[in-house]
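What follows is a short report on a single structure.
Here, each number is a calculation from the coordinates, and none is a lab measurement. Fair warning: this is a prediction, and the values are worked out from it, not measured in the lab. Here the Cβ is made from the backbone with ideal geometry for all residues, glycine too, and neighbour counts use every protein chain on show.
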Amino acid sequence: MQRLLPLAGSYRSINAIQYALDKPGVLRVLPGIRNVEDVKHLLGFFDAAEEERDYSALGSYAPTEMAGTCVYCNHCQPCPAGLNVGLMNKYYDLAKAGDTMAADHYPNMELHADSCIQCGHCESRFPFHVKQMARMEEINSFFNR
Ligand code: SF4
């Protein structure tokens, strides 16, 4: 099922587009366009650096009920074991919710949750204080049922 996620206010910012794309169920983002300058700016998304896409600052505004929840911002990177933590969490959350396409994507990832070396680097960086080391064990169990 596709979701429409309205992007209010700063909908033309690169990190707002990345935030919307990272939400479960969002496959496309269609920003409003007023003129050619908007088109040029929006096309810059494809060449934007990680820092421009980073929306982890949202963590400082997060309500306390978001604590422990991955929002796929990848602020936890770099993982010393080379894991794509945000994408792995996303596939896991979607698969748990019944998304078979996400469940099919997980085995195609280059590295899986069983490659986590439990170093704790990601946990020290998460804006939302995710318990990722325990989550990696959950993810591994889930996909190897
Ligand atoms: S705890 Fe696991 S997922 Fe997190 S940074 Fe270390 S190896 Fe990567």
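Points to keep in mind about this one:
- Under a model in which nothing but the beta-carbon of Lys, Arg (+1) and Asp, Glu (-1) is charged, the chain shows a dipole of about 360 debye around its Cα centre.
- Bins of 10 Å, starting at 0 and running to the largest distance - Cα pair percent for the chain: 11, 37, 35, 14, 2, 0
- Residue among Pro24, Pro127, Pro80 with the largest mean-square fluctuation in a Gaussian network model of the chain, springs linking Cα atoms under 10 Å: Pro80
- Pairs of alpha carbons in segment 66-143 whose separation is greater than 16 Å (percent): 44
- Taking a straight Cα-Cα cut-off under 22 Å and skipping sequence neighbours fewer than 8 places away in the same chain, the lysines within cross-link reach of Lys96 are Lys23, Lys131.
- Remark: Thr69, Thr100 ranked as Thr100, Thr69, counting other beta-carbon atoms within 10 Å and listing the fewest first.
- As a proxy for reagent exposure, Asp99, Asp114 were ordered by neighbouring Cβ count within 10 angstrom, fewest first; the result is Asp114, Asp99.
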